[in-house]
Amino acid sequence: MIRRFRVLSAALVAVALAVTSGCSSGDDKSDSAPSGGKTDKVTYFTAFGAVGRDSFVWLAKEKGFFKDAGIDVDIQLGAGNVQNLTAIKSDQAQFAALDFTGAVIQAGTGAFKDWRAVAAVHQQTLVAIMSTKDTGINSPTDLTGKTIAAGDKSVSQLLFPAYAKLAGIDPKSVTIQGVKTTALNGLMATRKVDALSTFLLSKKALETASKKEVTVLPYSTYLSDLYGNAIIAKPTLISSNPDLVKRFVSASMKGLQYTVEHPDEAAAIMNKAQPSAAVPAAVGEINAMKPYTTAPAGGALGSMDEQRVAKSIAVLSGAGLMPSGLKPEDVVDFSFTPKA
């Protein structure tokens, strides 16, 4: 079964790459503010509320990175892929962050297609299996016969069969329980489930809730081509105002770079704007995500690779999560993702 899955994925990769046209290179326009002192007002939706992984946008605003780029950004709290994709589609927001893998699935199934990624926040998926040490789960094979809770219909739930097959276990040997995302840590802390399929950045929160050491098994060990969060925009905005998109990406990446280098300051700035965002939890998330922001092979912060996106699409199609036929340029505008 595992061999058939890998063969199918490889075949789909070949098809995806064969139909992919060469991407255009970025232009030489300046990243600075437009001439004449004009300021563009935009609305941005965070990926999910006010947490450490989203702190970079508040930092970029506080530090004046957006102002220097001629942008006045109104930061709104997002609530996951569906809300954020809807906001982009309906022009409630010009930019948003979301889980790229989940959005690719939604594009592949035809649910949401009117968007393009313009920069990667995380170079690998942040989905992981997490369990408290007392369960004895230390490797994927330990999951056989266990019950795992995941956000109902979330990317964490959808990706588990692909992860299990590549990790060498039968997905049917594991019970996946779809629950409300807010219930995950409580279920694990009270041992009503054996493990969680969720975002690894919530490790600190689970340790606090359970008062126990936590084991993390990242999906990226076996699904290394899948990206985590990405910044998206509507194709009509990209075509009508490419300079704005370029300036927004540049300012955002400056904020991301500063954030991973100064997590305490970034967390404090977010807390100033959103007092409910606890500083210790935010610092923990920023430190946990830092390795995932580094692009492979010396790539620039925020960069996205066309072949990796094609492989991601092939893996998701091969896992039966969406039909084949989606192309990298259907979900990423490579002319705006930062270059090395």
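A single member of A310, A267 is in a helix (DSSP H, G or I) and closer than 26 Å to Q157 by Cα, and it is A310. Scanning the stretch 62-84 for residues that are within 16 Å of I231 (Cα to Cα) and not aliphatic (A, V, I, L, M) yields F66, D74, Q76, G78, G80, N81, Q83, N84. T86 fulfils the conditions (1) out of contact with any helix residue (DSSP H, G or I) (no Cβ under 9 Å at 6 or more places or on another chain); (2) without any contact (Cβ under 8 Å) to a residue 60 or more places away in the chain; (3) not in a helix (DSSP H, G or I) except for a single criterion, (3). How many residues are modelled with pLDDT of 95 or more and of a type outside the set (V, I, T) if we restrict to the stretch 111-121? Of the residues in that region, 5 qualify. The combined condition, being part of a strand (DSSP E or B), crowded, with 23+ Cβ neighbours inside 10 Å and in contact with a helix residue (DSSP H, G or I) (Cβ under 6 Å, 6 or more places away or on another chain), is not fulfilled by A60.
If you go through the stretch 217-229 and keep only what is surrounded by 24 or more Cβ atoms within 10 Å (Cβ to Cβ) and either farther than 14 Å from S312 by Cα or not hydrophobic (A, V, I, L, M, F, W, C) (or both), you end up with Y219, Y227, G228, N229. Scanning the stretch 185-204 for residues that are in a helix (DSSP H, G or I) and within 19 Å of the chain's Cα centre (by Cα) yields L200, L201, S202, K203, K204. Scan the stretch 150-173 and tell me whether some residue there is at pLDDT 90 or above, small (G, A, S) and in a strand (DSSP E or B). Taking every residue of the stretch 150-173 in turn, at least one turns out to be at pLDDT 90 or above, small (G, A, S) and in a strand (DSSP E or B). Could you check the stretch 66-83 and list, in sequence order, the residues that are assigned to a helix (DSSP H, G or I), among the hydrophobic types (A, V, I, L, M, F, W, C) and crowded, with 23+ Cβ neighbours inside 10 Å? Within the stretch 66-83, just F66 meets the criteria.
Just one of (1) within 25 Å of S312 (Cα to Cα); (2) charged (D, E, K, R); (3) surrounded by fewer than 22 Cβ atoms within 10 Å (Cβ to Cβ) fails for R116. It is (3).
Conditions tested, residue by residue: (1) out of contact with any helix residue (DSSP H, G or I) (no Cβ under 6 Å at 6 or more places or on another chain); (2) more than 26 Å from N287 (Cβ to Cβ).
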residue: A103; (1), (2): no, no
residue: Q106; (1), (2): yes, yes
residue: S131; (1), (2): yes, no
residue: D142; (1), (2): yes, yes
residue: V155; (1), (2): no, no
residue: Y163; (1), (2): no, no
residue: V179; (1), (2): yes, yes
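Taking the stretch 211-228 as the range and being among the small types (G, A, S) and more than 9 Å from L126 (Cα to Cα) as the test, only S224 passes. The residues in the stretch 205-246 that are of a type outside the set (S, T, Y) and outside any helix (DSSP H, G or I) can be counted, and the count is 18.
The values are calculated or read from the model by the stated rules, or taken from the named source; none is laboratory data. Just so it is clear, the model here is predicted, and its values are computed rather than measured. For neighbour counting, all protein chains shown are included, and Cβ atoms are generated from backbone atoms with ideal geometry for every residue, glycine included.
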